[in-house]
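Visitor: Below is a structure I'd like to ask you about.
The values are calculated or read from the model by the stated rules, or taken from the named source; none is laboratory data. Since the structure is predicted, the reported quantities are computational estimates derived from the model, not experimental observations. No Cβ is skipped: glycine too gets one built from the backbone with ideal geometry, and neighbour counts run over all protein chains shown. We work out accessible area using only protein heavy atoms, side chains counted, and drop any ligands, DNA or RNA first. Shrake-Rupley method; radii C 1.70, N 1.55, O 1.52, S 1.80 Å.
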Amino acid sequence: MLEGSILQQLESALENTNRPLNLGVYYKNTLVALCHALEDCILAAGSQPLVITAFQRGKWYLQEAERYHDLAQKSRHVVIMAAPDTGFADHPTSKLPNVDLVALNSQDPVAQEWHLIILAPSYTAMVLCQELSEADYGVGGRPTADLERKFYGFWTFEPARVEKTIELAIAHINTYNPELAQQLNSHVQAIAQEASQVEPDDLNAIVSRVVDYLQTSEYSIKQIEHHQVLDSNLVSNELQAFLRLGQLIDLADTGNPLAAAEVAAIAEIMGQLLNLPAWQIKRLRLASLLHRIALQSVNVQYGEAPSCPLVPAAQVLRTMPRLSAIAQIINHLSERWDGSGQPAGLSGEAIPLESRIVGLVADFQQRFTHLSQSHTKEEALSTAFAQCQQEQGKAWEPKLVDTLELLARGMQQGLTLPVSPTKISSGMWLIDEERGEVGMRK
Amino acid sequence: MTDSIAAIREGKIKQLPGANLEDEDLAGLDLAEMNLAGANLVGADFSGSKLERSRLEGANLLGSRLHGADLRANLLGANLMQADMTAADLRGSNLRGANLMGAKLSQSAIAGAFLSGANLMSANLQGADLRGVDLRGVNLSNANLQGANLTQADLRGALLNEANLEEADLRGANLAGANLSGANLLCAELDGANLAGVNLAGACLLGTVVKQ
């Protein structure tokens, strides 16, 4: 990582925290789609952001300058950092009163970075990357096609990380233009004050837009020779968008921040005890990691669709065809074995098996975590299980409650769950191979 | 042979050791507990078939199609060179001494499989689930392990030279004495991994997370 770059400074700042940076690989093709999606959210946002970008070279900014003209109309301030090229400062966008250019020294490590940092009272997002050097590409060398240029870094919606990065970016701008840095600091303060007074923008809609843009890019590169590599990078980022949404929900719940990872670990062991095939266990794991997306909206009124009412938040998952099975599982998480649940009032085996398992496990995990705050682990386990058992045959399938009992007993006797936070940048192992319903599958 | 194919399809035959089923279409069938030990299955199509607890030891599955198959089977010493096992279920399989050179194993589940003495040179293991797998001394040189889950895997002394481990999850893996020369570890996660005596000559370690 380039010494003195903003990415490296952020990594150092987070090094000794319990959540260090989790970096991923991005092709330029993916970055362009991601940035366009996050930028377009500015146009739809409920409040005006401060936008700080790094474009490497002025010529890359000039390719986007028209877009930035529109974005500037919706922003309180836009800062463009780039090593200057001819015409860099002459474009009409560059001359707008709320747009400032920072002409980076070509030796500046930030001139190798690609950033889009958006901080608004109702919306935060960023992409933070740097390009591989010639040597880093290895034997194949730098690719000839521009869209195949490779970057590494990460992207997020997480407010704390965006705020920290804005602080680092402003400190860097300060070395070039102290007056501008001062102005930007005032914006940051104003945004912090306004943030408490405005409703956050709908993250489901934002995620949906990100996935939509990445998919559009998938279609548009079908003619490119090595498009499989680019495709898989796009798909990986579509999944990341959902995993990041799930992660934000977990982070916001300080009483149960490991819900997704723990439900995934328990559901997977349940699947193994039930001798389920690998593809079904994979679905269990992914549905578990995303289950809170749906639980968020359990109390809303369901639309009266002719066939089956749908959980609105689970619908966002259907934006990604490969996740339609997961959306189906999540949609039916709040069904009950006796048929008195929502959204479709399904009963017994009409409820998808994975929904039955994840529903029960999520309920158990939540009870156990809550009870753990005031009880010993053993007490919490037995009470949480007893509470689930009371619903055996009502909310939960009897056989699954028996399987959970085996597991709860194992945990009481010292069985530890292999819980580890998801490595968001590499969730591809969680996705089932894209295919029709092959062979034995039902 | 046509008769025996029909009988296999109908589940009437379970014992066919040493049979010649080259290029036969056996896709989407329930072949659990079938004995095909030492059989010639070159180019055969078992896509989506259930081969759970089947005996395939010493079978020749060169270039066979096993896409999405349930292969929780005995594959001891089998020839699986260039076989397509994409998204196959290989959990707990016996793959000791199997030849998996150039095999397609992307998105497959291999956790709990036995792989000692197996050859996985140039295999495609992209996004495979290899959690906790014992890969001690296994030849994975030039293999594609991009985005694979190798958490807690035992890779002591494994040959991973020129392997692609981009974005692989190696948290808690034991890589002591492994050869990673020329490997691509771009954005791999190595948190808690044991890197004692690892050969990293010419390896790309950009964006890796290493905490021990």
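Visitor: Which of (1) in contact with a strand residue (DSSP E or B) (Cβ under 9 Å, 6 or more places away or on another chain); (2) modelled with pLDDT of 90 or more; (3) open to solvent by less than 10 Å² (accessible area, probe 1.4 Å) does A:V263 not meet, given it meets every other one?
Guide: (1)
Visitor: Separate question: Within the bounds of segment A:295-303, is there any residue that is aromatic (F, W, Y) and modelled with pLDDT under 75?
Guide: The initial filter retains those residues of segment A:295-303 that are aromatic (F, W, Y), namely A:302.
After this cut, where a residue has to be modelled with pLDDT under 75 as well, the list is A:302.
Yes, segment A:295-303 contains at least one residue that is aromatic (F, W, Y) and modelled with pLDDT under 75.
Visitor: Another one. Residues to consider are B:D134, B:D129; find the one that is open to solvent by 10 Å² or more (accessible area, probe 1.4 Å), acidic (D, E) and more than 14 Å from chain A (Cβ to nearest Cβ).
Guide: Selected residue: B:D134, the only one of B:D134, B:D129 that is open to solvent by 10 Å² or more (accessible area, probe 1.4 Å), acidic (D, E) and more than 14 Å from chain A (Cβ to nearest Cβ).
Visitor: Take segment A:413-435 and flag every residue that is away from chain B (no Cβ under 14 Å) and under 34 Å from the mean Cα position of the chain (by Cα).
Guide: Of everything in segment A:413-435, those that are away from chain B (no Cβ under 14 Å) and under 34 Å from the mean Cα position of the chain (by Cα) turn out to be A:G414, A:L415.
Visitor: Based on what the data block shows, is B:E167 in contact with a Gly (Cβ under 9 Å, 6 or more places away or on another chain), within 14 Å of chain A (Cβ to nearest Cβ) and open to solvent by 40 Å² or more (accessible area, probe 1.4 Å)?
Guide: no
Visitor: Let me ask you something else. Sort out which residues of segment B:63-82 are open to solvent by 30 Å² or more (accessible area, probe 1.4 Å) and more than 14 Å from chain A (Cβ to nearest Cβ), and write them in order of number.
Guide: Selection gives B:G63, B:N74, B:L76, B:G77, B:N79, B:M81, B:Q82.
Visitor: Also, I was wondering about something else. Is there any pair with a first residue in segment B:83-100 that is within 11 Å of chain A (Cβ to nearest Cβ) and a second that is of a type in the set (D, E) whose Cβ atoms are under 6 Å apart and which are 6 or more apart or on different chains, and what are they?
Guide: Correct list of pairs: B:T86/A:E433; B:A87/A:E433; B:D89/B:D70.
Visitor: Just give me the residues in segment A:364-379 being without any contact (Cβ under 8 Å) to a residue 40 or more places away in the chain and surrounded by fewer than 20 Cβ atoms within 10 Å (Cβ to Cβ), in sequence order. Before you say what the answer is, go through the steps one by one.
Guide: Here is the first cut: in segment A:364-379, the ones without any contact (Cβ under 8 Å) to a residue 40 or more places away in the chain are A:367-368, A:371-372, A:374-379.
If the condition is that a residue be without any contact (Cβ under 8 Å) to a residue 40 or more places away in the chain and surrounded by fewer than 20 Cβ atoms within 10 Å (Cβ to Cβ), then A:R367, A:L371, A:S372, A:S374, A:H375, A:T376, A:K377, A:E378, A:E379 are the ones that fit.
Visitor: Can you name the strands (runs of 3 or more DSSP E) wholly within segment A:107-192 that have at least 3 residues being over 28 Å from B:A203 (Cα atoms) and modelled with pLDDT of 95 or more?
Guide: Correct list: A:113-120.
Visitor: Return the residues of segment B:170-197 that are open to solvent by 10 Å² or more (accessible area, probe 1.4 Å) and more than 10 Å from chain A (Cβ to nearest Cβ); say none if nothing qualifies.
Guide: B:N174, B:A176, B:G177, B:N179, B:S181, B:N194, B:L195, B:A196, B:G197 - these are the residues of segment B:170-197 that are open to solvent by 10 Å² or more (accessible area, probe 1.4 Å) and more than 10 Å from chain A (Cβ to nearest Cβ).
Visitor: Can you name every residue in segment A:146-175 that is surrounded by fewer than 16 Cβ atoms within 10 Å (Cβ to Cβ), within 17 Å of A:V110 (Cα to Cα) and in contact (Cβ under 8 Å) with a residue 24 or more places away in the chain?
Guide: Selection gives A:K164 alone.
Visitor: If you don't mind, another one. Does A:V78 satisfy the condition of being among the β-branched types (V, I, T), away from every other protein chain (no Cβ under 14 Å) and open to solvent by less than 10 Å² (accessible area, probe 1.4 Å)?
Guide: On the way: among the β-branched types (V, I, T): yes; away from every other protein chain (no Cβ under 14 Å): yes; open to solvent by less than 10 Å² (accessible area, probe 1.4 Å): yes.
The answer is yes for A:V78.
Visitor: Can you tell me which residue among A:V32, A:V25 is touching a residue at least 24 places away in the same chain (Cβ under 8 Å) and in contact with a strand residue (DSSP E or B) (Cβ under 7 Å, 6 or more places away or on another chain)? Step through it out loud before you land on a result.
Guide: Details: A:V32 fails: in contact with a strand residue (DSSP E or B) (Cβ under 7 Å, 6 or more places away or on another chain).
None of the other options fit; the residue is A:V25.
Visitor: Sticking with this one: Residues that are among the hydroxyl-bearing types (S, T, Y) and touching a residue at least 12 places away in the same chain (Cβ under 8 Å), at least 1 per element: which strands (runs of 3 or more DSSP E) completely within segment A:46-105 meet that?
Guide: A:50-57
Visitor: It is to be established whether one or more residues within segment B:156-163 are of a type in the set (K, R) and facing chain A (nearest Cβ under 8 Å).
Guide: no
Visitor: With under 19 Å from B:M101 (Cβ atoms) and of a type in the set (D, E, K, R) as the only criterion, which of B:E162, B:E189 stands out? Spell out how you get there, then give the answer.
Guide: Details: B:E189 fails: under 19 Å from B:M101 (Cβ atoms).
Within the list B:E162, B:E189, the selection yields B:E162.
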